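Report on the structure given below.
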Amino acid sequence: MPSATSFAQHTSDHYGNYEKDRQTKSQDVLYTTSNGVPMPHPYEAQRMGENGPLLLQDFHLIDLISHFDRERIPERVVHAKGSGAHGEFVCTDPLDDLCSADIFSAKGKKCPLTIRFSTVGGESGSHDLARDPRGFSVKMRTDEGNWDIVANNTPVFFLRDPAKFPHFIHTQKRDPQTHLSHSDDSTAFWDYLSQNPESIHQLMILMGDRGIPDGYRFMHGYLGHTIKLINKNNDWVYCQLHMKSMQGIKFITQEDSANYSPDYSQKDLFEAIEKGDYPRWSVEVQTMTPKEAEELWEKQKINVFDLTHVWPQKQFPRRKVGEMILNENVRNYFAEVEQAAFNPSHMPPGIEPSADPVFQSRLFSYPDTHRHRIGANYQQLPVNAPRTGYMPGNFQRDGQMAFFNQGARPSYLSSIEPIRFRERTIDLDKAHSHFTGNAVSFLSEIRPEDFNAPRTLWEKVFDDGARERFVNNVAGKMAVCPNKEILKRQIAIFREVSDELAKRLEKATGIEGYEGIATMQFNGTHNGMAKDQKLRNANGMKSKVGVSVSVNNGAPRRGTHKGLEEKDTDGTNGTNGTNGAH
């Protein structure tokens, strides 16, 4: 009978052997069944006689086949095709004046990280060089818990109304009848975009040179959403996060993309790291005060809560915080990439969400889908587990695959065996203001300011070659859409960006588009540019109840952050008032 000490030592070794398993070579292991029983050969099967049926008692075969039948977990609905690697973040320029997050507190502060890159719309076996946005997700394992940065390689996205997301993604998938993707039939692709013109900025980027980056090493990453940074005094600023490729950016043309392997980006990333050519990114922030956010809307009609808008970098210059490096390939793709789960609601103290509605929706959606795809205890998986200087504990117990189930500790707030706590350092009342108002069924509307950034992209960012490639890319995509009415509408949206662009598309496609969107009605957005008020409401909505077209289109207008810098007489910063009414 082993002693209690030896038993404890044995179980400790058993439960803490993930890294040992990760590094073990084939010649170091003995072939066994799943319950550890040695077997002489993996191809054996018990039969009744030399040519009879199989025996149900053969656990080795049943064990083998039944696990094989369950090898696959559901692939991600979005971002199914991806690649990943490990590395570290190092703080080069402390941000402690703006943010109390420990990882930004001192020069040289480091933390391990995992990054997963991906395409958006395709299945897990799709082509790495599809014309598609790229996911750029980072799991930073800080001393105060994980920070997951769930970003893309574009600074904007196709939508700003959260309920549109499932609908948009469905248009990127296969047709329910023909089972064709939009490479062969782009009807759904263009139908959605032509009915939701706020997507034009992202569409311009997607159909331009950045639509097919040269692998994952040569592209930038952008959070896109606005978050909040909170300092030790509980003062806060809005923030946009940029991850700039220190390799520079490169692209592959539509014509050349077919000449590359379907797994080109995976191969390029893996081989670069294997030979020591470690990719790096500079982590940088744009920040603005609440007052500046209000003025940005009032004066320039740029909405910091709008995922289709960008912050002018001349007004809000980027400030470097640190660098990320990828210097370690995964040992097992499934365990360390496929099971990696990134969740934008994972934020350490000092980083908080803004009222960006799409970001708010993602705070729920991401952990919800991980619990479905991987299980309730997905954060116990080594690739997802935090690495803090303290032993995390809570009252979340049981569920599927509860490997670390918190031992014999009480599963409630016990007075007999109390759990330890740390005082809150973030003043959430101050960080998130005080929201009062009616419940509003909100849907944004398209307005002239939505075309400003796309117009700048076409006229000032694209050079002649980029403009020519853009027209060819769009025309090629339109060529596989048999519904010309959809394309006429889409060309009208392009005309709001630039009449020259619309004319070039008309010449390339042979389709004459409409003269603009002033005479159009959309099924997906209100049209603030409609000449006839009967065309203004989305999908012909006629009831005045629930249309809720607001003057500010969801932006933080003047007075939104009222009371933020003004203390009430009792010092509560307006906790009983109506400050921050939205």
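The values are calculated or read from the model by the stated rules, or taken from the named source; none is laboratory data. As the structure is a prediction and not an experimental result, all values here were calculated from the model. Please note: Cβ atoms are built from the backbone with ideal geometry, for glycine as well, and neighbour counts cover all protein chains shown. For the accessible areas, the whole protein counts, side chains as well, though only heavy atoms, and no ligand, DNA or RNA atoms are used. Shrake-Rupley method; radii C 1.70, N 1.55, O 1.52, S 1.80 Å.
Can you confirm whether Phe451 is over 25 Å from Ser183 (Cβ atoms) and not assigned by the TED database to the domain that holds Asp306?
yes
Collect the residues in region 414-464 that are closer than 30 Å to Pro348 by Cβ and touching a Leu at 6+ places or on another chain (Cβ under 8 Å), keeping them in residue-number order.
Answer for region 414-464, where residues must be closer than 30 Å to Pro348 by Cβ and touching a Leu at 6+ places or on another chain (Cβ under 8 Å): Ile419, Lys430, Ser433.
When both residues are 6+ apart or on different chains and their Cβ atoms are under 8 Å apart, which pairs have a first residue that lies in region 468-479 and is small (Gly, Ala, Ser), and a second that is in a helix (DSSP H, G or I)?
Hits for this filter: Ala475/Leu505; Ala475/Ala508; Ala475/Thr509; Gly476/Gln254; Ala479/Thr509.
Assuming Lys173 fulfils every condition listed in (1) surrounded by fewer than 24 Cβ atoms within 10 Å (Cβ to Cβ); (2) touching a residue at least 60 places away in the same chain (Cβ under 8 Å); (3) not assigned by the TED database to the domain that holds Arg280 apart from one, which condition is it?
(2) is the only condition that Lys173 fails.
Among the residues of region 227-278, count how many are touching a helix residue (DSSP H, G or I) at 6+ places or on another chain (Cβ under 8 Å), open to solvent by less than 70 Å² (accessible area, probe 1.4 Å) and aromatic (Phe, Trp, Tyr).
Number satisfying all stated conditions: 2.
Kindly provide the set of residues from region 317-332 that are of a type outside the set (A, V, I, L, M), open to solvent by 10 Å² or more (accessible area, probe 1.4 Å) and either in a loop (DSSP other than H, G, I, E, B) or out of contact with any Gly (no Cβ under 8 Å at 6 or more places or on another chain) (or both), ordered by number. Lay out the reasoning, then the answer.
Going residue by residue through region 317-332, those that are of a type outside the set (A, V, I, L, M) are 317-320, 322-323, 327-329, 331-332.
Retained after the next criterion (residues that are open to solvent by 10 Å² or more (accessible area, probe 1.4 Å)): 317-320, 323, 327-329, 331-332.
Across region 317-332, the qualifying residues are Pro317, Arg318, Arg319, Lys320, Glu323, Asn329, Arg331, Asn332.
Within region 410-454, track down each residue that is among the basic types (Lys, Arg) and open to solvent by less than 70 Å² (accessible area, probe 1.4 Å).
Within region 410-454, Lys430, Arg447 qualify.
If you scan region 188-221, which residues turn out to be out of contact with any Phe, Trp or Tyr (no Cβ under 9 Å at 6 or more places or on another chain) and without any contact (Cβ under 8 Å) to a residue 60 or more places away in the chain?
Once the filter is applied, which keeps residues that are out of contact with any Phe, Trp or Tyr (no Cβ under 9 Å at 6 or more places or on another chain) and without any contact (Cβ under 8 Å) to a residue 60 or more places away in the chain, region 188-221 yields only Ala188.
Under 7 Å between Cβ atoms, which residue pairs at least 6 apart in sequence (or on different chains) link something in region 260-285 that is assigned by the TED database to the domain that holds Ile115 and under 26 Å from Thr226 (Cα atoms) with a partner that is open to solvent by 80 Å² or more (accessible area, probe 1.4 Å) and not in a loop (DSSP other than H, G, I, E, B)?
Once the first residue is assigned by the TED database to the domain that holds Ile115 and under 26 Å from Thr226 (Cα atoms) and sits in region 260-285, its partners that are open to solvent by 80 Å² or more (accessible area, probe 1.4 Å) and not in a loop (DSSP other than H, G, I, E, B) give Glu284/Arg319; Val285/Arg319.
Can you pull out the helices (runs of 4 or more DSSP H) entirely within region 414-510 that have at least 3 residues that are β-branched (Val, Ile, Thr)?
Because the criterion is at least 3 residues that are β-branched (Val, Ile, Thr), the helices (runs of 4 or more DSSP H) in region 414-510 that meet it are 484-497.
With respect to Arg447, determine if the residue is touching a helix residue (DSSP H, G or I) at 6+ places or on another chain (Cβ under 7 Å), in contact (Cβ under 8 Å) with a residue 24 or more places away in the chain and not polar (S, T, N, Q).
Taking the combined requirement at face value, the residue does not satisfy it.
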